[in-house]
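The next block holds one structure in the form of structure tokens; read it before the comments.
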Amino acid sequence: MRIWGEGTFGPLKTLGYLKILSMYYGVEWQAYDIYNAIAANYKCASFNVYDKIIRGEFPQNRFVSFLAYNGNGDFEVDDNQFLNILANDAGVRTVNVSSSDGAWTSTSVNSGSTFNIAGVVNVSTSSDSTSLAKQSWVYIDRTQYTTALGQSSRVGLSAWKSLTGAAEGAYAVSNANIYVTDRTVASSGQHNFMEKALSRPDLALFDLIYVVYSDMLDSSYTPTFMRSISDTTSSNSVGSSSEYCYSSYTAAKSISSDLTSCTNPIWAAGYENVGVSLDAFGEDESFTDESAAIIGDDYDSSVASDIVAAYSSSSSSASSSTCSSSKRLSGGQLAGTIVGTIVGGLLVIAVFTYLIIRNRNAATKTSDERYIERKASHASSSIVSA
């Protein structure tokens with residue numbers, strides 16, 4: 001299932017719709033596992049970016065612009081929440097394109113009225129004096145060149161310049177810092193960046209990191225969506241429907257083989273790795289024998305271990321399943337329990353000792369008072385007799 005939207009929310013908030021949609025099909029446990037897998041992979045990538053920034057090792061002043069050519073001499077520049085946060089988590093920022101650089105994109109409805117599309121500004125491709133041209137270190141072009149603009153094959157740099165009329169004075173153009181999001185395409189030539197990126201923001205984030213600072217990633221990393229405009233040969237094929245239509249619980253299991261290898265910085269893991277671990281607090285009960293009876297014959301007992309194994313590389317301290325670690329006491333917790341028990345016992349003994357001494361004093365006082373009363377009574381009797 002794909003999540004479609006206009007980038008109104010951030011990547012992980014948008015991904016949260018998986019959990020809502022799962023309720024309509026009774027597969028909440030699958031959505032829980034899939035969301036955690038994707039979110040932890042996304043966080044691991046962003047944590048490593050922040051670690052580089054903290055250490056002063058991340059390149060600066062690399063502004064990004066997400067855009068598409070509309071075929072009429074303008075770039076439609078995206079400035080939505082999804083892409084802005086994605087860029088921030090990749091250690092960069094999007095160029096602040098405003099109405100002073102162009103006009104808001106308008107869309108007509110059946111009644112003939114028009115409305116502006118939030119976060120999209122039309123900017124002339126031929127001008128090199130706009131914020132887009134002057135500030136963009138790289139263009140991320142999401143245009144559907146094959147299906148929307150009738151190109152018979154992938155566009156290279158020369159064809160792209162000719163087709164769009166992009167100003168040569170624009171920094172990204174003069175330095176060939178242009179990436180097109182058609183590395184993965186269907187047989188029709190159409191790519192699915194803005195559809196799949198919403199449901200797999202981790203893949204989009206790794207791709208953007210690859211674009212702005214490829215040295216952070218392993219040399220064998222293969223982008224999912226983005227290709228350099230100078231590279232017209234590298235591609236990924238969209239699989240057949242049978243490869244993406246999973247039966248019951250195996251959908252969650254498939255995610256484990258589709259996660260980019262990532263190890264968190266030591267500061268990001270949190271106490272006993274609860275910062276990023278799958279089911280860090282041991283609340284997941286979907287893998288018990290009891291729940292297997294509820295799930296039915298399609299239950300796959302290996303899914304839990306496969307997903308946890310996929311996360312074992314996300315922290316240097318994750319040497320065992322987080323579920324087991326949450327059910328035993330650490331050394332500090334055990335020491336605290338012992339000390340608390342001893343102090344409590346001493347308090348109980350002190351209270352009992354106090355009560356016994358007080359009762360004894362009260363008993364002694366009562367005996368003395370009776371002796372005095374008897375002496376006084378005897379003295380009174382002697383006086384009366386006299």
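The values are calculated or read from the model by the stated rules, or taken from the named source; none is laboratory data. Bear in mind that the values here come from a model prediction, so they are computed numbers and not experimental data. Note that we place each Cβ from the backbone using ideal geometry, even for glycine, and neighbour counts take in every protein chain shown. Quick note on the areas: whole protein, heavy atoms, side chains included, nothing else; ligands and nucleic acids left out. Shrake-Rupley method; radii C 1.70, N 1.55, O 1.52, S 1.80 Å.
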Legend entry - Stokes-Einstein D for segment 151-213, Kirkwood Rh over Cα pairs, 10 °C, 1.306 mPa s (µm²/s): 118 µm²/s
Legend entry - For segment 1-96: rounded, prolate or oblate by the Cα gyration tensor [a/c cutoff 1.5]: oblate
Inset, instruction - Using the structure shown, select from Lys134/Lys161; Lys13/Lys52; Lys43/Lys196 the pairs with a Cα to Cα distance greater than 23 angstrom. - result: Lys13/Lys52
Legend entry - Derived scalar couplings ³J(HN,Hα) [segment 71-86; Karplus, 6.51 cos²θ - 1.76 cosθ + 1.60; whole Hz; x for Gly, Pro]: x, 10, x, 10, 8, 8, 8, 7, 9, 9, 5, 4, 6, 5, 5, 4
Legend entry - Label-to-label distance, nm, for residues given as Thr337 and Thr232 (7 Å Cα→Cβ offset): 6.9 nm
Inset, instruction - Along Cα→Cβ, 7 Å out, is where each label goes; now give me the distance between the ones at Ile20 and Ile349 in nm to one decimal. - result: 6.1 nm
Inset, instruction - Heavy atoms only, probe 1.4 angstrom, no DNA, RNA or ligands counted: give me Trp29, Trp137, Trp160, Trp267 ranked by accessible area, highest first. - result: Trp267, Trp29, Trp137, Trp160
Legend entry - Model label zone, Ser126; criterion: amide N under 11 Å from point 7 Å along Cα-to-beta-carbon; scope segment 61-75: 73-74
